[in-house]
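To keep things clear, I will list the structure first and then write my remarks on it.
The values are calculated or read from the model by the stated rules, or taken from the named source; none is laboratory data. Computed from a predicted structure; not experimentally measured. Note: areas computed on protein heavy atoms with side chains; ligands, DNA, RNA excluded. Shrake-Rupley method; radii C 1.70, N 1.55, O 1.52, S 1.80 Å.
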Amino acid sequence: MTRFTRTERHVLALTGVAHAATHYAELVYPTLAVALARETGIPLERVLGTVVLGAIGGKFVLTFGVGSAGVWLVRMVQATSSLADVFRVLAGVVGLLLVAILALVALTRPREAAAGAVGEVPIA
């Protein structure tokens with residue numbers, strides 16, 4: 001059994017807490033966005049676009065789900081197939097994720113250009 005020094009234990013504890021906090025925020029954020037949209041009457045797309053760094057934040061929220069599904073798929077293949085099959089599936093998942101990101105960029109660019117960049121300050 002490996003013995004960790006006091007400093008290593010502190011680093012592991014801090015890393016674990018930070019990792020848990022990140023996952024907590026990722027799980028709570030969509031619920032808060034939906035509640036904020038409902039309470040204020042602002043469309044959900046607008047809330048997702050303004051709360052997290054504009055349209056990039058909205059893309060992150062959407063692609064995070066695609067990435068999570070990819071992890072599930074790779075684990076399923078790993079349980080039933082060879083390592084070579086896992087790498088093939090992983091390459092496919094990465095390709096699909098890139099296609100999804102490019103599609104989101106292409107689909108949201110016309111609206112962003114028409115509406116102006118989020119956080120843009122008009123010059124008087």
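Would you confirm whether or not segment 40-51 contains a residue that is modelled with pLDDT under 65 and of a type in the set (A, V, I, L, M)?
yes
For segment 74-116: of the residues being at pLDDT below 80 and open to solvent by less than 60 Å² (accessible area, probe 1.4 Å), which is farthest from the chain's Cα centre (by Cα)?
The extreme case among them is Gly116.
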